[in-house]
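Chemist: Before I ask anything, here is the structure I am working with.
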Amino acid sequence: MLALVFVASIVNQFPIRRWQRWVSRWDQFTVLPHWTFFAPNPGYTGTHLVYRDRDDHGWSSWTDVPLPGPSGWRGLWNPGRFERKAVQDLFGGLARSVRHIQDPRVLELTTCHLALLTWVDAQPALVASPTARQFAIVETMGHGANRSVRPVFVSRVFGRGDR
Amino acid sequence: MVTAELALSVAFRASCAALAIGFIEQRVVFRRAFGPTGPFSPSVADVFGRPGWQRRLLDPRFQYVLVAGAAAAATGVAAGPFSVLGRVATAVLVLCTAMTKWRRPVSSDGAEQMAVLTVLATGLTMVPGMGPGAVSLAVYFIGGQLILSYLTSGVAKAVSQTWRNGAALPLIMGSEAYGHPSLSSLLQTHFFLSKALTWFVILFECVFVVVLCGPREVTVALLAVGLGFHVACAVTMGLNAFLMAFPGSYLCVAYVAQRMSVLW
C-alpha cells in the first residue's frame, strides 16, 4: 500500500489534468502530496478579502474581512497562519476556475467562490440596513511606503436576500 | 549506524510535535477562525460537501476534536510509535486529523502533509499481521517522500525564470504572508546576495537526491544544510511546522542512504 501511495505521489507531481481531477475526486483528505513549495511562481503577494455594503444612501467603504497579522515569534508560534492561508487557498482555487470557466454564472457556483461568498456573507453589516453586498480580493505587494494594492477579483453585487 | 526503528521513532515524534502545535494553534484561534464569521465556520465547511453526520455530531463540540488531537499528538511525542500508548495515540491522531480536514478543507500546507504521511506510514506498521519488514518499508516511504519533495520543488524552481534570475527571494520576503520587511529591503539593495541565496536554494533542493548514491559525508553535509535551511525558513517566513516535519524525517533519509548508497 505504501508503495502504491509513493508511486501515486510521484505521478501527482506532474501537471496531468485528468489525473488531478481524479485525485481531487477520490483523495478527499489530500493524502497525495504536491511538493512545489513557492515554485514555479513564488507567492509574493498578500491576499485580502474585502467587502462593502449598500443601503439607500449608497455604498459603504471597502472593509477588510479581519485576518490576524504575523507575530514576532512566528518561527515558533504562528496561529494566524491558517486564516491567512484560507484566503490564499480559496482565491487560488477561484483563480484556477477563472482560467477554465468563461461564464460568470457558472463561476459563481464553483466551490471556492461559494466558500468566499459564505464567509463574506457572515460578516457584520457595515451600514444600518444593507440591501446589497459585494466582495473583492485585493493583492498587496511590498511593505511600508513601498506597499502597492490592486484588486484581482470583484464579485457581482448580491442582494441581501439572494442566498 | 541508523536503525529503521530509530529513524521511524524520531520521524514519528517530530511529526506528532508538528501536528500538536497545529492543533494547539487552531484551538487558540477557535472562536475567531471556526466561529460563524470565520473561514472554517460550519457554513463554509458545508460548501465543500462534508458528510452530514459530521455536522450533526461534531459541530457543537469541535473544539474537543482539536484538544483531543493535541493531546494525542503530545502523547505520540512522549510515547513514540512502539508502545501501546503510542499506538492508541496514533489511532486517535489519525481520527482527529481526518475530522479536522473535513471541517477545515483548506489551509493545509506541506508540513502538515508530510506529518500526516509520516503518521499514516507509522500507523500502517502497527496493523496486526504486518511482518518485521514493515518498519523498514515505512522508513523508506518517509525518506522517499522527503527526497521527492526536495527534488520536485528544486526542479520547479529551476525551470522558473523568476527563480533563475534571482528575483524570487526578494519577492517572497516582500510579501505580507511570508515576508520580512528588513530582509526584503536587504535583498532588494544587494541583488548579488539575493541571486546567490536563490541559486543556493535551487541547487540544494535539486542536489539533495544525491544522498541516494553519495558517501556518508555528503549525506551528513546535505542534511546539515537542510536543517539550517528549515531554521532560516521558520525564522524569516514563519514556517514553524516545517521545522519539525521535514528535518524530523532526516534520519529516514540517512537510513535509506546507508542501505542504497554503495559509497556510504
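Chemist: Please report the relative contact order for region A:40-159, taking Cα pairs under 8 Å with a sequence separation of at least 6, and give it as a percent rounded to a whole number. Before the final figure, lay out each step's value.
Modeler: Values: 156 pairs, mean separation 40.2, N = 120.
Once divided by the residue count of region A:40-159, the mean separation gives 34 percent.
Chemist: Here's another thing I want to ask about it. Ignoring everything except DSSP H segments at least 4 long, calculate the 222 nm mean residue ellipticity for the protein assembly as shown; use -39,500 (n - 2.57) per segment, divide by total residues, nearest 500.
Modeler: Values: 20 runs with 251 residues, N = 427.
Only helices count here, giving -18500 deg cm²/dmol.
Chemist: Could you tell me the convex hull volume per residue, in Å³, taken over the Cα atoms of the protein assembly as shown? Mind dumping the intermediate values first?
Modeler: Numbers: hull volume 64.3 nm³, N = 427.
Value for the protein assembly as shown: 151 Å³ per residue.
Chemist: Further question: Regarding region A:40-159, what whole-number volume in Å³ per residue does the convex hull of its Cα atoms give?
Modeler: Output value, Cα hull per residue: 139 Å³.
Chemist: In Å and whole numbers, how far do the C-alpha atoms of region B:118-159 stretch along each principal axis, longest first?
Modeler: Computed over the Cα atoms, the extents are 45, 15, 8 Å.
Chemist: Hey, what angle do you get for helix A:81-100 against the long axis of chain A, alpha-carbon based, 0 to 90 degrees rounded to 10?
Modeler: Tilt of helix A:81-100: around 80 degrees.
Chemist: In percent, how large is the relative contact order of region A:105-156, given Cα pairs closer than 8 Å and 6 or more residues apart?
Modeler: On the way: 37 pairs, mean separation 13.5, N = 52.
That works out to 26 percent.
Chemist: Using only Cα positions of region B:107-249, each an equal point scatterer, no hydration layer, compute I(q)/I(0) via Debye at q = 0.09, 0.18 Å⁻¹ and quote the log10 values to two decimals.
Modeler: -0.33, -1.12
Chemist: What ranking of B:Val231, B:Val94 emerges when the number of other C-beta atoms within 10 Å of each C-beta is taken as an exposure proxy, fewest first? Walk me through the numbers before you get to the answer.
Modeler: Working: B:Val231 14, B:Val94 18.
Least to most surrounded, the residues fall as B:Val231, B:Val94.
Chemist: Right, something else. Answer with one residue from B:Leu193, B:Val28, B:Phe246: the one whose Cα lies farthest towards the positive end of the charge dipole of chain B, charges on Cβ with Lys, Arg +1 and Asp, Glu -1.
Modeler: Of the options given, the answer is B:Val28.
Chemist: Okay, next question. Please arrange B:Met173, B:Met99 by counting, for each residue, the other beta carbons lying within 10 Å of its beta carbon, fewest first.
Modeler: B:Met99, B:Met173
Chemist: Just report the Cα centroid separation between region A:95-163 and region B:199-245, whole Å.
Modeler: Going from one Cα centre to the other spans 39 Å.
Chemist: Moving to a separate point now. Kirkwood hydrodynamic radius for region B:4-260: how many Å is it when counted over pairs of different Cα atoms?
Modeler: Numbers: mean 1/r = 0.0508 Å⁻¹.
With all distinct Cα pairs of region B:4-260 included, I get 19.7 Å.
Chemist: What ³J(HN,Hα) values, in whole Hz, does the Karplus curve 6.51 cos²θ - 1.76 cosθ + 1.60 give for region A:15-26 when θ = phi - 60°, with x put for Gly and Pro?
Modeler: Running phi through 6.51 cos²θ - 1.76 cosθ + 1.60 with θ = phi - 60° gives x, 9, 4, 5, 4, 5, 5, 5, 5, 5, 7, 9 Hz.
Chemist: So which lysines pass the test for B:Lys157, namely a Cα distance under 18 Å, with those fewer than 8 places away in the same chain ruled out?
Modeler: Filter leaves B:Lys195.
Chemist: Quote the charge dipole size of chain B about the Cα centre in Debye, to the nearest 20; the model charges only the Cβ of Lys and Arg (+1) and of Asp and Glu (-1). Walk me through the numbers on the way to the answer.
Modeler: On the way: 17 positive and 9 negative charges, 108 e Å.
My answer is approximately 520 debye.
Chemist: Just need log10 I(q)/I(0) for region B:1-117 at q = 0.10 Å⁻¹, Debye formula, equal scatterers on the alpha-carbon atoms, no solvent, rounded to two decimals.
Modeler: So the normalised log intensities work out to -0.31.
Chemist: Using θ = phi - 60° and the Karplus relation 6.51 cos²θ - 1.76 cosθ + 1.60, list the HN-Hα couplings for region B:232-241 in order, rounded to whole Hz, with x at every Gly or Pro.
Modeler: Values per residue, Gly and Pro as x: 4, 5, 5, 5, 8, 10, x, 8, 5, 6 Hz.
Chemist: Additional query: What are the ³J(HN,Hα) couplings of region B:244-261, residue after residue, when phi is run through the Karplus curve with 6.51, -1.76, 1.60 and θ = phi - 60°? Round to Hz, x for glycine and proline.
Modeler: 8, 5, 8, x, x, 9, 5, 5, 5, 5, 4, 5, 4, 5, 5, 7, 9, 7
Chemist: 5 Å is the cut-off here: which amide hydrogens, built 1.01 Å from N in the peptide plane, fall below it relative to A:Ala132, excluding neighbours closer than 5 in sequence?
Modeler: The list, which skips near neighbours in sequence, is A:Arg54, A:Arg160.
Read the figures in this text as sums done on the coordinates, not as results from a lab. Just so it is clear, the structure is predicted and the values come from calculations on it, not from any experiment. Here Cβ is always computed from backbone atoms with ideal geometry, including for glycine, and neighbour counts include all displayed protein chains.
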